[in-house]
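This report refers to the structure that appears directly beneath it.
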Amino acid sequence: HSAGDIDLPIDEAIQDCPELLSYSKYAMQLDPWIKQFGRDNIKVIIFESYVKDRRNTLLSIYDFLGVERSLEKIQEDSIYNKGDGKPINNALFTKISHSRVYRSCIRPLLSLSARAAIKKMVLPKAKTKTKPSKEKLEWVVAQLQSDMDQFRLLLEEKELPWDISSAPTQFSREE
């Protein structure tokens, strides 16, 4: 929504675009992977746990994969995928950046930081995020509750690191 992909007010978008809810249905998203590879072959990383303790989360990933722990590669203070104010690609920029001329002649001459600076200058920024109503968030919680219960069971946890029942008061525009 804030990326400009959906041109509806947030409350309408939540109601009319089921994919927005699907992004938060973690058990639903994991189910086909578990069926294909088995639960023991899937490592679920809770973002909040990763942010809170990046080092130990990465160590658990190394152990899960059975690879050597590379402690020197863990940069706990770096953030690489921050979304706030991120430029939004438009069709023209995408067409240019995917062209053969750009990829073979121009891109190799530009550093990653130079490309990022150019994107920041020429692309529009993401729209300011609009918070949904408390009523709409209560509806979202009701829609997600079953999936969250299944997700908790998949993780074999007594509780999840977040409480979705508090979302309507915590994240609505009526705060």
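The values are calculated or read from the model by the stated rules, or taken from the named source; none is laboratory data. This structure is a prediction, so every number in the text was calculated from the model and none was measured. Positions of Cβ are generated from backbone atoms using ideal geometry, with glycine treated the same way; all protein chains shown enter the neighbour counts. Remember, those area values only see protein heavy atoms, side chains included, never the ligands or the DNA or RNA. Shrake-Rupley method; radii C 1.70, N 1.55, O 1.52, S 1.80 Å.
Here are some notes:
- Residue in segment 64-77 that is closer than 21 Å to Glu159 by Cα and without any contact (Cβ under 8 Å) to a residue 24 or more places away in the chain present: no
- Test: residue in segment 75-90 that is at pLDDT 80 or above and touching a helix residue (DSSP H, G or I) at 6+ places or on another chain (Cβ under 7 Å): no
- Enumeration of residues in segment 28-47 that are exposed (fewer than 11 other Cβ atoms within 10 Å of the Cβ) and assigned to a helix (DSSP H, G or I): Pro32, Lys35, Gln36, Phe37, Asp40, Asn41, Phe47
- In segment 130-175, residue modelled with the highest pLDDT [restricted to those that are among the polar types (S, T, N, Q) and over 30 Å from Trp33 (Cα atoms)]: Ser133
- Some residue of segment 8-27 being of a type in the set (A, V, I, L, M), at pLDDT below 90 and not in a helix (DSSP H, G or I): yes
- Lys95 being in a helix (DSSP H, G or I), among the charged types (D, E, K, R) and touching a helix residue (DSSP H, G or I) at 6+ places or on another chain (Cβ under 9 Å): no
- Subset of segment 52-82 that is of a type in the set (A, V, I, L, M, F, W, C) and open to solvent by 90 Å² or more (accessible area, probe 1.4 Å) - its residue that is farthest from the chain's Cα centre (by Cα): Leu65
- If the condition is being among the hydrophobic types (A, V, I, L, M, F, W, C) and not in a helix (DSSP H, G or I), then segment 102-154 contributes Leu110, Leu123, Ala126.
- Where a residue in segment 127-151 is more than 28 Å from Leu30 (Cα to Cα) and its partner, wherever it lies, is open to solvent by 70 Å² or more (accessible area, probe 1.4 Å) and assigned to a loop (DSSP other than H, G, I, E, B), with Cβ under 8 Å and at least six apart: Thr130/Pro9; Thr130/Arg173; Ser133/Arg173; Ser133/Glu174; Lys134/Arg173; Lys134/Glu174
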